[in-house]
Amino acid sequence: VAEPRTVLCVDDNDAQRDNLREILGDEGYRVLTARSCAEARRLAHSGFDVGLVDVRLPDGDGVALAAELRQLVPDAQIIMLTGFATTESAVAAVRAGAWAYLLKPCSTPDLLVAVEQATRQLAHVEERRQLARRARVAEKLAAIGTLTAGLSHEIKNPLNAAALQLAVLERRVRRLGPEAADLLGPLELVQAEVTRLNQILEEFLEFARPRELAKAPVDLEALLVRVTDLLAPQAEQAGVRLVVDGEAVPHVSGEPGRLQQAFLNLVLNALEASDEGGEVCIRYRHDGDAVTVAVEDSGPGIAEDVLPRIFEPFFTTKPGGSGLGLPLVHSIVELHDGSIGVERREEGGTRFVVRLPIK
Ligand SMILES: Nc1ncnc2c1ncn2[C@@H]1O[C@H](COP(=O)(O)OP(=O)(O)OP(=O)(O)O)[C@@H](O)[C@H]1O
Ligand SMILES: [Mg+2]
């Protein structure tokens, strides 16, 4: 339940004050009343939301008081009550930070509408402040991202050193012959973990690196053949056929390294999803002002409840997955002003389609 709004009524007329207290109290407002500027200042220190201030007060000018109150409680909305309807007093009141003014005597509905509008205005102010706070949080997160990138970078060097030493260790263990065979298992495990750490760091860094691309005309056909060459060992190990298919396409504008990384991730996912005897096919074709590349697999497809989350960082359904593959692909494709979609294949399996503009 929201706290009731507090209305501070400043008026030297006893009857008027009682009247305001009753009307506003009945509406559920918390009402504070003051009969003078001095009393109003004192009450304002404990905070209020809306001020109803008479222009003429015994110990001073209501307009000046309004300005003071705004300084004390910057968010507060102030409504001036003015008995003589002159434009000057209204202008002065608004200049002093008053939000509105009411002519006395004012009807109860008019009063209530004015106070309600003021509280709504207050809600806007609070909302804006919350948005600003959220923007600051986002800024902080970005700063943390930069820090993480720096840290990842620093971790890479010792990790590479460890990988090198592990390779040395492996050679020596192998040289020891059969009696040292049981040392190899744990060693290979550590090596695999180091490799994985390296991959995670690489992907992290990719997010945090400056976002500009060194664009050049890219021969996608050659690039895709390179991707299949790189992944041929994995495909063979998984017993999956890996094929590239397409007719001549124009060059796209992009950064070959990044694009290769994107397709590596897509094809890797496709291989990981495929069962032995399956097939992964990369099809490219010229389509208007773009080249589309489809990566198709004969795997189980993506479950309904998984599909909406696959591009989320760290979302993975794989025991050893980092969940950074597809977010990376997505950001690379976006950097190229392209688009990526995913669909279920009629014959079963999944098809990722990347569209890259020729430009
Ligand atoms: N071709 C595919 N077939 C079925 N599911 C897929 C396919 N590609 C992606 N997915 C699903 O999307 C999830 C996220 O993929 P993503 O590449 O981002 O991370 P990952 O492969 O799990 O881990 P990482 O790529 O970081 O090693 C996967 O865990 C998997 O559930
Ligand atoms: Mg992946």
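Points worth noting:
- Close pairs (9 angstrom Cβ cut-off, 6 or more residues apart or separate chains): more than 19 Å from residue 80 (Cα to Cα) in the range 20-46, of a type in the set (D, E, K, R) and surrounded by 14 or more Cβ atoms within 10 Å (Cβ to Cβ) anywhere: 27/116; 28/5
- Qualifying residue in the range 280-294 (condition: part of a loop (DSSP other than H, G, I, E, B), touching a residue at least 12 places away in the same chain (Cβ under 8 Å) and surrounded by fewer than 15 Cβ atoms within 10 Å (Cβ to Cβ)): yes
- Matching residues in the range 313-326 - criterion: being surrounded by 13 or more Cβ atoms within 10 Å (Cβ to Cβ) and more than 10 Å from ligand 2 (Cβ to nearest atom): 313, 315
- Residues of the range 1-37 classified as under 48 Å from the mean Cα position of the chain (by Cα) and farther than 27 Å from residue 123 by Cβ, total: 1
- Residue within the range 320-329 that is more than 8 Å from ligand 1 (Cβ to nearest atom) and either touching a residue at least 12 places away in the same chain (Cβ under 8 Å) or more than 22 Å from residue 223 (Cα to Cα) (or both) present: no
- Whenever a residue of the range 297-313 is acidic (Asp, Glu), its partners that are surrounded by 12 or more Cβ atoms within 10 Å (Cβ to Cβ), lying with C-beta atoms within less than 6 angstrom and at least six residues away or across chains, give the pairs 297/270; 297/273; 297/274; 297/280; 297/349; 297/350.
- Flag for residue 347 being modelled with pLDDT under 95, away from ligand 1 (no atom under 12 Å from the Cβ) and either within 20 Å of residue 235 (Cα to Cα) or not basic (Lys, Arg) (or both): yes
The values are calculated or read from the model by the stated rules, or taken from the named source; none is laboratory data. Just so you know, these numbers come straight off a predicted model, no measurement behind them. Positions of Cβ are backbone-derived with ideal geometry, glycine not excepted, and every protein chain shown enters the neighbour counts.
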